[in-house]
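Bear in mind these aren't lab numbers, they're just calculated from the coordinates by the rules spelled out. Everything numeric in this text was worked out from a predicted model, so none of it was measured. Methodologically, a virtual Cβ is constructed for each residue, glycine included, from the backbone with ideal geometry; neighbour enumeration extends over all protein chains shown.
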Ligand SMILES: C[S@@+](CC[C@H](N)C(=O)[O-])C[C@H]1O[C@@H](n2cnc3c(N)ncnc32)[C@H](O)[C@@H]1O
């Protein structure tokens, strides 16, 4: 684990506090309140979603491959009433059975995974046929001028953001991976730098008529 990885994990909650309060907290509350049954969260980080899962979640499994993040997640869990299994696995290779989860959750993670297509293929494999992926992700802007700045500053952002890409077209990745949207809201991560502001929030389900990756 790199020194920057440890610093990033240690500072994450403090750096995100303003954005959580102004925008993300409300989105997390709306989105995660919809989860029920057996739920898989990928890239759980320091556990920002933990307070928002409702009583309908009967089993929560959270994956987090970065040790400094996973340790903070475990500390938060120990201090909360929520029970969850923490697994140190990357989203691209998840050690769970096919069609075994009712919901998958990805919040600010598809920007960072090494291979979004593989991660989404894994989520699709693990979701039950009527399961849903709940997502809250910052993405490539639809505004050409801002998208150009996202491309220009991408290299710096990947280093500063510990692997976070500011210019990913996650909606296109969802479509390519064989998901169809159930609902979608465009929002803005106000108080964040402009290249990180465009947000998408919503739910998608495996499109059973689509062959994943064929698009
Ligand atoms: C910006 S943080 C978001 C954390 C949390 N989901 C949240 O909403 O605050 C991105 C997280 O993705 C994790 N991550 C990085 N690569 C990953 C991968 N290949 N699979 C799953 N998670 C990954 C990081 O360790 C980090 O915890």
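FRET efficiency for the pair residue 58 and residue 156, taken as 1/(1 + (r/R0)^6) with r the Cβ-Cβ distance and R0 = 45 Å, rounds to 0.60. Volume per residue of the convex hull around the Cα atoms, evaluated for the chain, comes out as 113 Å³. Of the DSSP beta bridges with both residues in the chain, give the percent that are antiparallel, rounding to the nearest 5. So the antiparallel bridges amount to about 45 percent of the total. From the alpha carbon centroid of segment 120-180 to that of segment 19-37 is 18 Å. Taking 19 Å as the cut-off, the amide N atoms of segment 127-143 that come nearer than this to a point 7 Å along the Cα-to-beta-carbon line of residue 99 belong to 127-133. Restricted to Cα atoms, segment 27-155 shows a radius of gyration and a Dmax of 15.2, 46 angstrom. When each of the peptides 89-97, 121-129 is scored by how many other beta carbons lie within 10 Å of its residues on average, the order from highest to lowest is 121-129, 89-97.
Taking 26, 119, 147 in turn, the Gaussian network model of the chain (Cα-Cα springs below 10 Å) assigns the largest fluctuation to 26.
Look at the alpha carbon pairs under 8 Å that are at least 6 residues apart: their mean separation over the length of the chain gives a relative contact order of 19 percent. If a spin label sat at a point 7 angstrom from the Cα of residue 128 along the line to its beta carbon, the backbone N atoms of segment 33-63 nearer than 12 Å would be those of 36-39, 58-59.
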